[in-house]
1. Report, to the nearest 10°, how far helix 36-49 tilts away from the longest principal axis of the Cα atoms in the chain, using its own Cα long axis and a range of 0 to 90°.
2. Determine the relative contact order of the chain: mean sequence separation of Cα pairs under 8 Å and six or more apart, normalised by residue count, in whole percent.
3. Once both labels are modelled 7 Å past Cα along the beta-carbon direction, what's the ALA26-ILE154 spacing in nm?
4. Could you order peptides 93-104, 111-122 by the average number of other Cβ atoms within 10 Å of their residues, highest first?
5. Write out the chymotrypsin sites (Phe, Trp or Tyr not before Pro) in the stretch 13-121 meeting two conditions: DSSP loop, and at most 15 other Cβ atoms within 10 Å of their Cβ.
6. Grab the Cα-Cα distance for ASP4 and ASP172, subtract it from 0.36 nm times how many residues apart they are, and report the gain in nm with one decimal.
7. Can you compute the charge dipole magnitude of the stretch 1-137 about its Cα centre, using +1 on each Lys and Arg Cβ and -1 on each Asp and Glu Cβ, nothing else charged? Give it in debye, rounded to the nearest 20.
8. Compute the long axis of helix 157-173 from its Cα atoms, compare it with the longest principal axis of the Cα atoms of the chain, and write down the angle in degrees, 0 to 90, nearest 10.
Amino acid sequence: MSTDESAPTLRDRLREAKPPHPDVPALDPGAAPDDPRELVVEWLVDAVEAGVSQPQAMTLATVDADGAPESRVVLLKDVDSAFWFASSSLSPKGRQIEAEPRVALSFFWSERGRQIRVGGRAVAGPREVSESDFTSRHPASRAGAIALPQSSVIDDPEEARRALDAARARIDENPDFAPDDWTAYRVEPESVEFWQATSGRDQVRLRYDRDGDGWTRASLWP
Ligand SMILES: Cc1cc2nc3c(=O)[nH]c(=O)nc-3n(C[C@H](O)[C@H](O)[C@H](O)COP(=O)(O)O)c2cc1C
C-alpha cells in the first residue's frame, strides 16, 4: 500500500491491466455436442495446441464441516466419464470430500477467452489408478508427498528437511511404493457450463445439466 497520493491506486492499475486476447475462438451452442464432456476435451486440446500455460490447472472447491467453502488449484489428469485429479485423502480437501463429496471445478484460459465450470461428486477411483498416478510422479514430488502430511504446519524446518531426505531415500529404494492416502479422485459431473468471450465485448454461455442418462442444455444470459 503506497502513501504517495500521486501514485496510481491499485484500482487504476487493475483498470490498466492487459485486456483479454482480442482474437478468440467462437462457441456456437447450436453446433455443440450432446455430451458436454466431448466439448471439454475439445477445449482442452485446443488450449494445449494454442500453447496455454498449464491448461490442466483447475480450481477445486469443497466445503468444510461447517459449510465454509475452500478452493485451491489441482491438476486435471484425464477426462473420461469423469474428471480426474489426485491428492492425499488425509489433506484438508480429502477430508472435506469424504464428508461432503459435492465439489465444483473451474478452468480459465485467458488466451482463449474461455471458462468451464463443473459441478459434481468426487469419489475415490480404483486403488491401482491411485498407485499408478503416484508412481508416475517425479521422485521429488513423491518424496514431498510422503515426508509429512499435506498442509501440516512446519514447526521445525530442520526436522522437515530430515523427513524429506528420509522420504527421498525410501522412494529411491522402492520406486513402486505408493502410500495408502494417495488417491486418484474422479468427479462425476452433474452440470457443466461453458463461457466464451467473443471478439467484441460479449460472452456466450452454454450450460448442460444431467438428465438421467443424457443432458439438457440451455443458453444463459451473460
Ligand atoms: C498449478 C498447481 C497445481 C497443483 N496441483 C495439485 C495437485 O494435483 N494435487 C494436490 O494435492 N495439490 C496440488 N496443488 C497444491 C494445492 O493447490 C494445495 O495447496 C494443496 O493440495 C493443499 O490443499 P488443501 O490444504 O486444501 O488440502 C497445486 C497447486 C498449484 C498452484
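1. 80
2. Normalised by residue count, the contact order of the chain is 22 percent.
3. 5.1
4. Top to bottom by mean Cβ count within 10 Å: 111-122, 93-104.
5. Taking the stretch 13-121 and a limit of 15 other Cβ atoms within 10 Å, no loop chymotrypsin sites (Phe, Trp or Tyr not before Pro) are found.
6. Using 0.36 nm per residue and subtracting the Cα-Cα distance, I get 55.0 nm.
7. 320
8. Rounded to the nearest ten degrees, it is 90.
All of the numbers you see were taken from the coordinates with simple rules; none came from a lab. Note that this is a predicted model, so its numbers are computed, not measured. Ideal geometry is used to build each Cβ from the backbone, glycine not excepted, and the neighbour counts take in all protein chains shown.
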